[in-house]
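For reference, the structure discussed in these notes is given below.
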Amino acid sequence: MNDYERIAKVIRFLDEHHTEQPSLETLAEQAGLSPFHFHRLFASWAGVTPKDFIQCLTFSHARDLLWRGDSVMNVALDAGLSGPGRLHDLCVNLEAA
């Protein structure tokens with residue numbers, strides 16, 4: 001498997017499992033690499049770190065749920081966050097960027 005295919009596989013995995021907030025180790029396992037090598041390879045191909053990528057997916061998912069009118073607590077939990085405070089932190093950090 002070449003590097004492009006590894007990263008594409010992980011991105012597809014993240015698209016389906018971002019609400020589980022997978023760890024770097026889990027993502028590296030999907031790519032068949034060590035966490036250190038995977039992190040460097042992902043950042044090189046995607047232009048952002050795996051954590052930043054997951055945060056963007058989580059924020060997009062949460063924003064869609066909020067626009068639908070779901071409660072803040074339900075949105076936070078559905079997005080895989082520990083509570084409304086984490087959702088607030090995520091929104092502040094990404095909207096400020």
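The values are calculated or read from the model by the stated rules, or taken from the named source; none is laboratory data. All of these numbers come straight from a predicted model, not from anything done at the bench. Cβ atoms come from the backbone with ideal geometry, glycine included; neighbour counts cover every protein chain shown. To get the accessible areas, we keep the full protein, side chains included, count just its heavy atoms, and leave off ligands, DNA and RNA. Shrake-Rupley method; radii C 1.70, N 1.55, O 1.52, S 1.80 Å.
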Can you pull out the residues in the stretch 10-47 that are within 22 Å of ASP89 (Cα to Cα) and surrounded by 13 or more Cβ atoms within 10 Å (Cβ to Cβ)? LEU14, HIS17, HIS18, THR19, GLN21, PRO22, SER23, LEU24
What do you reckon, is GLY80 open to solvent by less than 50 Å² (accessible area, probe 1.4 Å) and on the phi > 0 side of the Ramachandran plot? yes
